[in-house]
Amino acid sequence: MKKSKQKKLYYWLLYLILEFNSPLINAMEVIVNVENNNQISSFHDLQSIFIMRKRYWDSGEKISVFVLPDNNNMHKAFVKEKLQMFPHQIRKIWDRMTYTGTGQPPIIVRSISEMLEKIQQNPNAIGYIDKRDVNESIHYLNLE
Amino acid sequence: MSQFITLTWNKTFYYCILITLIACSNLSFAIESEDNSVLNWDKYQQIWTDDIHFHGFISQAIFHSYGNNIWGQSKDSLSADLTEMGLNVYYQYSRDLSFAAQGLYRRAGELTGSEGEASLDYALVNYTVFRNTDTRIGIMAGKIKNPIGIYNQTRDVSFTHPMIFLPFAYFEKSRNILLSMTGGQVYAEHNTAWGDLSFSLNYGLSLDKNLALLAVIQRNPATTGEFSPKYSFGTRFKYDFNKQYIFALSYYEIDLDYESEIDNPFTGLNFSIQEFWLSLQYNAEKYSLTAEYKLGWSQLLGAKSAIPDTKNFSEFWYVQAEYRLLDNLAATLRYDQAVADVYDRTGNKIQNASGGFFPAHFMYNQDISIGLRWDINHDWMLKGEYHHLHGASDVSVFDNPNLNEIATDWGFYAMQISFSF
């Protein structure tokens, strides 16, 4: 990752939402803009966003949801542990919306660096990262 | 070559629809920005990239069958006569207002012919009337897919079901009757800690292309006249706990009138169907279990002389187990059956009554099938399956025009490759 990007990332808060017991999960973090960090207080809030039920932040801005492809291990771990669902279940929800005209699925990014780049560019974005994959220059804010 | 040209025309047809829709949705922004003497191109561009979304899919299947043809000339041969292709656009204008449309191209054996059929699958405006944290009530207007059972809304999208072939309850002959309605939908959703409740009520006109149904009634693939839809309705109540336990009840009542330019023995015929569905699904990490039960009542009334007034009571059910051998590889086993008349389950009554003219096997069907679904990656999927069938109630008369040659015991192998974006 380029240095300029790391500097930009410095201004972004990485917000820890829930803690689970699995060691894999403890490395998984949901990331949002600081303005929206107080709108997710439970896993239900988080689930609502990722199943595309809650589509707007309280500010009235549309939420941009970013995920990794279905076959990505980090995606699988995120869905299971943070959303308490199975990847095939969330895929069914997204597909039904997509092919009945009732919603749109999240935007797929191909890598963590792309995820960070997208979230950095969009103040209304939400996504997730593996803490171990990201440079130390990122500041975390643990509100719990 | 002529086939290629027709395909191109069909494609052109639905690209036109999509372009028109996109143009319309952008137009509203152009009008809004008239206040500012300079168009806000950044905003315009952002709407294009952030708010308008395109998705699509294409599936191509091949079959080899014995006994009867299944979609094309597959008997003791190889047929590639099932192609499904869709392209959709979705535009979220505001928190409460969205627009969506999908164009569908479908080639399904002799019914659609080798050139296939292009159609507007859905085109709707969705407006949320009331919203709070846990509840949403809204209305949709336009052409809307009917939420019936588990698979009906997305029946043509292979990605949304485990096998290429849907159970008999969804089969081809009733496809057009139950697919969608042009009219409106009222819906309500309520989310609780112990699950989500949803309710929908659809009202409108069903599709007017009902050749498959007409062919069954006239017992002739060379149909005359057509069915014209009358206002009909349908409703579904669904309970869903985290997509783990799904329970749904659906009820649909569809009315059609027979119309023909030339007076014939079918003149005056009215066809109506009522369907009641019970749907259950359990999803675990490694496996999914699905079962659906459908009762159908149909009436054929008022034909001049071709057929006497007839009432019919049919029954369909299946059980399906899907096991995920790997995250992207699932095996499915299904038992499925159809009974065209519950008072004549074996078809013997009608066979005897018609003096052997109407074979008993047209009154029932049973299918044991096994399939594999491999999600190669996010975009590509491959399915393969084998079906063994007993009975012929779902054999297409378009693909098997010689009714005397239709076999009671038959089967087929199928493979399908699908791509989505």
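Key figures for this structure:
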quantity	calculated
Expected 222 nm ellipticity per residue - DSSP helices of 4 or more, -39500 (n - 2.57), all of chain B, to 500	-4000 deg cm²/dmol
Extension gain, residue B:282 back to residue B:377 (0.36 nm per residue minus Cα-Cα distance, nm)	31.7 nm
For the stretch A:57-69, 3J(HN,Hα) per residue [Karplus equation, 6.51 cos²θ - 1.76 cosθ + 1.60, θ = phi - 60°, Hz, x = Gly/Pro]	6, 4, 5, x, 7, 6, 7, 9, 9, 10, 9, 7, x
Within the stretch B:46-420: Cβ-based charge dipole about Cα centre, in debye rounded to nearest 20 (Lys, Arg +1; Asp, Glu -1)	520 debye
Efficiency of FRET from Cβ geometry, residue B:193 and residue B:390, R₀ 45 Å, rounded to 0.05	0.45
Proximal aspartates and glutamates to residue B:349, defined as alpha-carbon separation beneath 14 angstrom and excluding residues fewer than eight positions away on the same chain	B:341
Distance from the stretch A:62-100 to the stretch B:104-138 (C-alpha centre basis), Å	23 Å
Subset of B:145/B:238; B:145/B:209; B:143/B:294 violating a 18 Å alpha-carbon distance limit	B:143/B:294
Mean Cβ count within 10 Å, highest first, over the residues of peptides B:211-218, B:164-171	B:164-171, B:211-218
Compactness of chain B, expressed as Rg and Dmax over alpha-carbon positions, Å	22.7, 81
In range of the label at residue B:201: residues from the stretch B:236-256 whose backbone nitrogen is under 17 Å from the point 7 Å along Cα→Cβ	B:236-238, B:249-254
Full-extension gain in nm, residue B:323 to residue B:134, via 0.36 nm per residue minus C-alpha separation	64.7 nm
Residue-span extension gain [residue B:272 to residue B:348] - 0.36 nm each, minus C-alpha spacing	24.8 nm
Calculated from backbone phi, Karplus (6.51, -1.76, 1.60) coupling profile of the stretch B:169-179 in Hz, x at Gly/Pro	4, 9, 5, 2, 5, 9, 3, 5, 5, 9, 5
Cβ-derived FRET efficiency at R0 56 Å, residue B:413 paired with residue B:95, nearest 0.05	0.70
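Any read-out appearing in this document is the output of simple, stated calculations on the displayed coordinates, not a laboratory observation. None of the values given here were measured: they were computed from a predicted structure. Cβ coordinates were reconstructed from backbone atoms using ideal geometry, including for glycine residues, and neighbour counts include every protein chain displayed.
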